[in-house]
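In what follows, a single structure is set out as structure tokens and then discussed.
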Amino acid sequence: MLRTVTRVAGALAALVGLALTVLGVWFAAALGGSGTAEFTARPAAGAPVVIPPEVLNCVDADVVVTATPTRGGSLWMALANPSDATAVLGDSAHVRVSGVSVREWRLETTTTGSGEPPTLGTADLWRSQDDADGPVTMTVHQQDAPESVVVAAGRGSVASVTLRVVDKRWFVESVVAVLVGLFLVAAGVVALWPRRRPSAPLAPTDEEVAR
């Protein structure tokens, strides 16, 4: 009975260790030694994009937001207090970033509202703003949280929005996960196939003693 329980525990440890090892290797390979995570969305054409604090301010590190327009287009990007960004957009059509998918390294988005968006660049509520013929990049610092980022196209449409976060601790944690996983796999294998103890020597027979 004890041997059966040990083998079941060993099998479970080996399976958990294998899963942890695979997951750790996958994360380490994706993040790289710098611990860089990138998440990208390709929003619906013709609508501004809002990235709320639930996404921007859910990590300890700075978040670099890069927006790319369609070919030949121009972009405008700004930072604002979340309530101000919501108020200026109102019920107009816009794309909202609702979260991230780590499995696919992409941003989850939803489209809400209807009607034409207002002229955003003329509002005086923006903490900072930038525009360019081509990609625009802005860094969100966590000490200024909460903040929302709003992206709109001057010409063309917003082709993609990417969030980049660098945290070396994530890579270290991935490596630790691999090491723990390998240890569990080894422990599980030992429990499943324990080393056999050498058999005790047979007691000498009466004849052998008489000799």
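The values are calculated or read from the model by the stated rules, or taken from the named source; none is laboratory data. Owing to the predicted nature of the structure, the values given are computational and were not obtained by experimental measurement. Cβ: placed from backbone, ideal geometry, glycine included. Neighbour counts: every protein chain shown.
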Going through the range 132-153 in order, the residues found to be loosely packed, with under 15 Cβ neighbours inside 10 Å, at pLDDT 90 or above and of a type in the set (D, E, K, R) are D133
How many residues does the range 165-193 hold that are under 30 Å from V65 (Cα atoms) and among the β-branched types (V, I, T)? 5
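I'd like the full set of residues that are in a loop (DSSP other than H, G, I, E, B) and under 12 Å from A78 (Cα atoms), limited to the range 106-159.
Applying the first criterion (in a loop (DSSP other than H, G, I, E, B)) to the range 106-159 yields 113-119, 123-127, 133-135, 141, 145-147, 156-157.
Once the filter is applied, which keeps residues that are in a loop (DSSP other than H, G, I, E, B) and under 12 Å from A78 (Cα atoms), the range 106-159 yields A123, D124, L125, W126, R127, E147.
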Would you check which residues across the range 68-96 are in contact with a Phe, Trp or Tyr (Cβ under 9 Å, 6 or more places away or on another chain) and either assigned to a strand (DSSP E or B) or assigned by TED's automatic domain parsing to the domain that holds A29 (or both) and list them? A78, L79, A80
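Listed here are the residues, each with its yes/no results for (1) among the hydroxyl-bearing types (S, T, Y); (2) surrounded by fewer than 16 Cβ atoms within 10 Å (Cβ to Cβ); (3) modelled with pLDDT of 90 or more; (4) touching an Asp or Glu at 6+ places or on another chain (Cβ under 6 Å).
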residue: A29; (1), (2), (3), (4): no, yes, no, no
residue: S34; (1), (2), (3), (4): yes, yes, no, no
residue: A37; (1), (2), (3), (4): no, no, yes, no
residue: P52; (1), (2), (3), (4): no, no, yes, no
residue: A67; (1), (2), (3), (4): no, no, yes, no
residue: T70; (1), (2), (3), (4): yes, yes, yes, no
residue: A78; (1), (2), (3), (4): no, no, yes, no
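Just one of G99, G156, G115 is in contact with an Asp or Glu (Cβ under 7 Å, 6 or more places away or on another chain) and modelled with pLDDT under 90; which is it?
On the way: G99 fails: modelled with pLDDT under 90; G156 fails: in contact with an Asp or Glu (Cβ under 7 Å, 6 or more places away or on another chain).
Sole residue among the options that is in contact with an Asp or Glu (Cβ under 7 Å, 6 or more places away or on another chain) and modelled with pLDDT under 90: G115.
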The condition from (1) more than 24 Å from R71 (Cα to Cα); (2) surrounded by 12 or more Cβ atoms within 10 Å (Cβ to Cβ) that P117 misses is numbered (1)
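Given the structure, is S128 among the hydroxyl-bearing types (S, T, Y), surrounded by 16 or more Cβ atoms within 10 Å (Cβ to Cβ) and in contact (Cβ under 8 Å) with a residue 12 or more places away in the chain?
Numbers: among the hydroxyl-bearing types (S, T, Y): yes; surrounded by 16 or more Cβ atoms within 10 Å (Cβ to Cβ): no; in contact (Cβ under 8 Å) with a residue 12 or more places away in the chain: yes.
Judged against the criteria, S128 is not a match.
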Pairs only if they're at least six apart or on different chains, beta carbon under 7 angstrom, first in the range 52-74 and closer than 24 Å to A87 by Cα, second of a type in the set (F, W, Y) and assigned to a loop (DSSP other than H, G, I, E, B); list them, first residue then second. none
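What about V100, is it touching a helix residue (DSSP H, G or I) at 6+ places or on another chain (Cβ under 8 Å), of a type in the set (V, I, T) and assigned by TED's automatic domain parsing to the domain that holds D62? If you could, list the steps in order and put the result at the bottom.
Values: touching a helix residue (DSSP H, G or I) at 6+ places or on another chain (Cβ under 8 Å): yes; of a type in the set (V, I, T): yes; assigned by TED's automatic domain parsing to the domain that holds D62: yes.
Yes.
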